[in-house]
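Notes follow the structure.
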Amino acid sequence: MYETINLPVLPLREAVLFPGVTSPIAAGRPGTLRAIEAALKTEHKEIFVLAQRENVDDPAPEKLYRVGTIATIGPVQRGPSGMRLLLTGQYRAAVESLVEQDGYLLAGIRVLEDDDPSSQEEPAFVALYREARERAAELGRRAGLPKEAVEQFLAENSEPGLFADLVAGHLDLEAADAQKLLQTPDVQERLRQVLVFIQKQIAILDAQEEIKSQVQEELGDRHREMFLRQQLKAIQRELGEDTARDDLDELKEKLAKLPLPEEARKEVDRELSRLERMGPEGMEAQVVRTYLETVSELPWGHRSEERLDLEAASEILEADHYALGDVKDRILEFLGVRIMRERHREEDEQGETPAPEALGSADDSAELSEMMEMLRLGDISPAAKDASSEKDAAELQEKSPEEDERNPILLFVGPPGVGKTSVARSIARAMGRDYVRVSLGGVRDEADIRGHRRTYVGAMPGRVIQGMKQAGSINPVFLLDEVDKLGASYQGDPGAALLEVLDPAQNNTFVDHYLGVPFDLSEVQFICTANFLQNIPGPLQDRMEIVEFAGYTEEEKLEIARRFLVPRQVRQAGLKDEEIEIEDSAIREIISRHTRESGVRQLEREIGRLARKVARRIAANELERMTVGKGQVRELLGRPKVHPEHASERDQIGVATGMYYTPVGGDIMFVEASPMPGKGELVLTGQLGDVMKESARAAWSYAKAHAEELAIPKGAFEQDIHIHVPAGAIPKDGPSAGLAMATVLVSALAGRPARHDLAMTGEITLSGRVLPIGGVKEKILGAVRAGIRCILMPKLNEADLEDLPEHIRNELKFILVDSLGEALSHSLRGADFSNGRLSFEN
């Protein structure tokens, strides 16, 4: 009986050390290293090796088996990542106690002795031992060990228990099976288990040899085929066709790996077989080859991994663009919908899927046949037909869940330079998708969209398929820029060709004329941009969700210049931040006196000009740094190029202030009216459009019909009235000048001055109603720049005031009217409108 001894513990992962077996060990865990150091300080350099029950880095005592091996430590090699050492197993031992001490485990153990067999001379034991030795020798020889090494091993190990441990230590066993052998004290049982494992290893070797022989037989046939192909290649090499054939094999392999739809696969296989029958020098072969290469380069089924993170997307949009709050909200709403779809899809996939019901039985078939016959004869009641129709509709709805997954087609509409194209690029960056842009400005040929048929010389795919090829994924953000600049010609209408591309219900089977097979565009996020919505055909507009980009206010332009334009242009001019400083007053001067636009492109160009002027002076050693204020802008950029209108300084008879909107922003305009001797005619000048002329005539007719109520003296209409809108070289049109026209007419005819501090907009009718108009935000911002602080506008446009920045709304006074009489009471100085009559203070 052995007494209890205390030894440091070395835990082993996925391995068991048997007595008599020497094994190299790599140690790197802190606790293991401390245990080895403690064992090296003992007299016999002994350590207790225990296998772990689980593969963990820091095993607790309960995670270790209770039977292990006492081992002696051989040579030790230390390194930066730990130790490498040689362990030799000595005895089995069982754990009596296991405690943690000084950062490592210390075990109280008791040595285990092998159970003596009842008689090693018994025939059963002798037969078992001999069989184990013979099978072990067979396994060693079949594993590739030299015959001499196997015989030496058998001669040196004749003791049955030690032989079983040595063989077990060299078998490829699972850790649990090896631990079971280590915990078996009965030598006869241990030999029996080892013999079972040996037989399993031999059976595996037999199976491997059988597989190897089968492979060799197959390789024999392939070698023959390979030999024939080598001869064929030699012949082709002599004919100069070897390189083309190698390229064809490479193309075939590439096409075979593509997840093509069935229809596309048939077309590709057909073209491949044609190409193989052709000589490489033929022109038709080049056409077919180009087609197949185009198919192989398209992203069939390849998707870029989406990054659906609202917080990150919001940060990207804020970093890339200032203002555009409504646009950013719409984009984040779109991403939010995508996130919820993905979340619900994952929840559905994690839930249990019910097993599909079996198809109808024979009774069901008979019942169905009977119902069909009754339907043919008209014997089914209307209620039954309606129920059947509702059931079919429900089933159809259940079978079409992909309709909910369609991507909306976004249309960004706004003036140039407001960030439509760059926002699309930011969307792609926020979603983690590939980005591709195609400009449609000036496209007049349908083949530019749908491609050319392959029968034409020089045929090529359309811009959509070329864009998908460029993107390299099936779900990019695809920008169709300047979609309002499409034209039509005798070659077809490209706008009509876009109807299929931009229809979520059809573009999953988009057929390019060059490809001739359906290509799935349903996962593409299409974004279109345009400057003028009226230039886009109605059916095309109907397929897109419109997102309007309004012009920037002066304060927004100032902030954009601070954040983006000035740093970029200073950097492009080769300057450092400490060499130039552009004050806010200088930026405001450039915005108001050197640019006239809704966006910021011209503003950036002018800032770039200014930075280059400063860079030239610094390069010429005229100065070391420069601070640019309002006074230096004229010195650097020259005289102002823009002369915006300013509010009049005094009230005048026959002069009213109107507001107008253009693609480059809003502004004010003065409408003038002057009575003169004549025959009661209305004269209109200033390049007015038809709608604007009709507004003037409507105001004239209203004033005539309500002369008494408007305090217009008798005989006023016997003279001519001349209405003129200055800036005669610029064409003008639109109904929103109706209020201004009516104000100047009444002012001129009644001899009453119109207010100079008030600007107005609104359409009028013959009955005196004031109708809503568009472009409210831009018009009001233009009036603010001109110094106007009071706005007269239709009451029905009150909701449009929410689009204005809060500080603008707080600075202005808004007068909302719904009748012309009420409007005149505010627009004419000293006027009052009550009881349907207009009166003036004396």
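Counting Lys +1, Arg +1, Asp -1, Glu -1, what net charge surrounds L205 among other residues with beta carbon under 15 Å of its beta carbon? Don't skip to the answer; put the middle values down first.
On the way: positive: R135, R141, R142, K200, K212; negative: E138, D172, D206, E209, E210.
Around L205, the surrounding residues sum to 0.
Divide the volume of the convex hull around the Cα atoms of the stretch 682-738 by the residue count and you get 80 Å³ per residue. Only aspartates and glutamates eight or more places from K485 in sequence, or on another chain, were considered; those with a Cα closer than 18 Å are D445, E446, D448, D493, D542, E548.
Taking Cα centre as origin and charging only the Cβ of basic (Lys, Arg, +1) and acidic (Asp, Glu, -1) residues, the dipole magnitude of the stretch 551-653 rounds to 560 debye.
To one decimal place, what orientation-averaged projected area in nm² is obtained for the convex hull of the Cα set of the stretch 66-116?
4.8 nm²
The alpha-carbon of K693 sits under 20 angstrom from the alpha-carbons of these lysines, leaving out residues fewer than 8 places away in its chain: K679, K704, K732.
Just to be sure I follow the definition: excluding the sites themselves, where is the longest run in the chain that has none of the chymotrypsin sites (Phe, Trp or Tyr not before Pro) in a DSSP loop with at most 16 other Cβ atoms within 10 Å? Can you show the working numbers first?
Working: sites that count: Y2, Y456, Y490, F532.
Between the exposed loop sites, the longest stretch runs 3-455.
For the chain, what does -39500 (n - 2.57) per DSSP helix run (n ≥ 4), summed and divided by total residues, give at 222 nm, in deg cm²/dmol to the nearest 500? Present the calculation step by step, with values, prior to reporting the outcome.
Details: 28 runs with 371 residues, N = 842.
Rounded to the nearest 500, it is -14000 deg cm²/dmol.
Applying Stokes-Einstein at 4 °C and 1.567 mPa s to the Kirkwood radius of the stretch 118-203, computed over alpha-carbon pairs, gives a translational diffusion coefficient of 99 µm² s⁻¹. Between R34 and V691, the simple label model (points 7 Å from Cα in the Cβ direction) yields a spacing of 8.6 nm.
Kindly give Rg over Rh for the stretch 459-498, based on alpha-carbon atoms, with the Kirkwood expression for the hydrodynamic radius. A ratio of 1.02. Summary of the geometry: the stretch 55-132 and the stretch 14-33, compared by the centres of their Cα atoms, lie 10 Å apart.
With a threshold of 28 Å on the Cα-Cα distance, the over-threshold entries among K200/K257; K420/K795; K641/K777; K252/K469 are K200/K257; K420/K795.
Roughly to the nearest percent, how much of the accessible area of the chain is carbon and sulfur, given a 1.4 Å probe?
Numbers: 21870 of 45260 Å².
Answer for the chain: carbon and sulfur cover 48 percent of the accessible area.
Applying the criteria of a DSSP loop state and at most 13 other Cβ atoms within 10 Å to the GluC sites (Glu not before Pro) of the stretch 617-647 yields E622, E624.
Taking the Kirkwood radius as the inverse of the mean 1/r across Cα pairs, report the Rg/Rh of the stretch 551-607.
Values: Rg = 10.8 Å, Rh = 11.4 Å.
Over the Cα atoms of the stretch 551-607, Rg/Rh equals 0.95.
Looking only at the stretch 136-152, which residues have a backbone nitrogen under 19 Å from a spot 7 Å from the Cα of Q216 in the C-beta direction? The answer is 141-145, whose backbone nitrogens lie closer than 19 Å to the label point. Only one of the listed values, [x] 1.01; [y] 1.27; [z] 1.58, was derived from the coordinates as Cα Rg over 2.2 N^0.38 Å; which label is it? Answer label, from the structure shown: [z].
Other residues whose C-beta falls under 14 angstrom from the C-beta of Y322 contribute a net charge of -4, scoring Lys and Arg +1 and Asp and Glu -1. Here the stretch 662-736 and the stretch 594-648 have alpha carbon centers that stand 40 Å from each other.
Taken over the Cα atoms of the stretch 723-805, the convex hull encloses 114 Å³ per residue. Sequentially through the stretch 148-164, phi angles give Karplus couplings (6.51, -1.76, 1.60; θ = phi - 60°) of 5, 5, 5, 5, 5, 4, 5, 5, 7, 10, 9, 6, x, x, 5, 4, 4 Hz, Gly and Pro residues having no value and appearing as x. How tilted is helix 382-398 with respect to the longest principal axis of the chain? Cα atoms for both, answer in degrees (0 to 90, nearest 10). Compared with the principal axis, the helix lies near 70 degrees.
If Lys and Arg each add +1 and Asp and Glu each add -1, what is the summed charge of the other residues whose beta carbon sits under 10 Å from the beta carbon of G689? Spelling it out: positives minus negatives among the neighbours equals -1. Residues whose amide H comes within less than 5 Å of that of V683, counting only those at least five positions distant or on another chain, are I721, H722, I723 (H built at 1.01 Å from N in the peptide plane). Of H513, G631, L771, which is farthest along the charge dipole of the chain in the positive direction, counting Lys and Arg as +1 and Asp and Glu as -1 at C-beta? Toward the positive end, the furthest listed residue is G631.
Rounded to the nearest 20, the Cβ-based charge dipole of the chain about its Cα centre (Lys and Arg +1, Asp and Glu -1) stands at 4720 debye. Here the stretch 447-507 and the stretch 258-333 have alpha carbon centers that stand 13 Å from each other.
What size of dipole, in debye to the nearest 20, comes out for the stretch 1-75 about its Cα centre when the only charges are +1 on Lys and Arg C-beta atoms and -1 on Asp and Glu C-beta atoms?
Values: 8 positive and 9 negative charges, 13 e Å.
Rounded to the nearest 20 debye, it is 60 debye.
The coefficient of translational diffusion for the stretch 417-514, derived via Stokes-Einstein from the alpha carbon Kirkwood radius under 37 °C and 0.692 mPa s, stands at 230 µm²/s.
Taken over the C-alpha atoms, the stretch 2-103 has Rg and Dmax values of 12.5, 39 angstrom.
When you filter the trypsin sites (Lys or Arg not before Pro) in the stretch 672-729 for DSSP loop state and at most 16 other Cβ atoms inside 10 Å of their Cβ, you are left with K679, K714. For the stretch 22-60, trypsin sites (Lys or Arg not before Pro) meeting the loop criterion (DSSP other than H, G, I, E, B) and having at most 11 other Cβ atoms within 10 Å: K41.
Amide H to amide H, with H built 1.01 Å from N, F412 comes under 5 Å of C528, T529, A530, V547, counting only residues 5 or more places away or on other chains.
Return the aspartates and glutamates within reach of K254: Cα separation strictly under 12 angstrom, same-chain partners fewer than 8 residues apart disregarded; answer none if there are no such residues. Straight-distance partners of K254: E293, E297. Per residue, the solvent-accessible area of the chain (1.4 Å probe, heavy atoms of protein chains only, all protein chains present) comes to 54 Å².
The values are calculated or read from the model by the stated rules, or taken from the named source; none is laboratory data. Just so we're clear, the structure is a prediction, and the values are computed from it rather than from any experiment. Quick reminder, even Gly has a Cβ in these numbers, built from the backbone with ideal geometry, and neighbours come from all protein chains shown. What goes into the accessible areas is simple: the full protein's heavy atoms, side chains included, and nothing from ligands, DNA or RNA. Shrake-Rupley method; radii C 1.70, N 1.55, O 1.52, S 1.80 Å.
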